[in-house]
1. Counting only other residues whose beta carbon sits under 9 Å from that of Ala45, what net charge do I get with K and R as +1, D and E as -1?
2. Output needed for the range 5-64: three equivalent-ellipsoid semi-axes, defined as square roots of 5 times the C-alpha gyration tensor eigenvalues, in descending order, whole Å.
3. Could you order the peptides 49-59, 17-27, 86-96, 32-42 from most to least packed, using the average number of other C-beta atoms within 10 Å per residue?
4. For Glu16 and Trp58, calculate 0.36 nm times their separation in residues minus their Cα-Cα distance, and state this gained length in nm to one decimal.
Amino acid sequence: MCIRDRENAGAIAMAEVVKGHPQLNTLLLESNNIGERGLVALADAIAESHSLTQVTLWGNSFNNQSPESARAFYVHKERLTQVQLDFSLYVVDGVPMAAKA
């Protein structure tokens, strides 16, 4: 594991945990410096988890150059009852985008 990518590696590992625990309903991962790859892995895990209803990801390394994570979270935001992000999701010309809140 590359030291510079340790936050993504942790998020990718956590995504596998989410997939393996079908009763999980809340995921709180604020202030973990999760970057693009980690956010996408978590969004994919959220897609597979039908019991997960609350997600908090404030304080991570999202930036407005992260279109993949924006797209991945936008797809699932309607299904979740509570999503706490420090970036806003929106659509421009049919393409999900995000901006730091």
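1. Overall, the nearby charge balance is -2.
2. 19, 12, 9
3. Those peptides, ordered most packed to least, come out 32-42, 49-59, 17-27, 86-96.
4. Fully extending the segment from Glu16 to Trp58 adds 13.1 nm.
Values quoted throughout were computed directly from the atomic coordinates according to the rules given, and no laboratory measurement underlies them. Computed from a predicted model, the values in this text were never measured in an experiment. Positions of Cβ are generated from backbone atoms using ideal geometry, with glycine treated the same way; all protein chains shown enter the neighbour counts.
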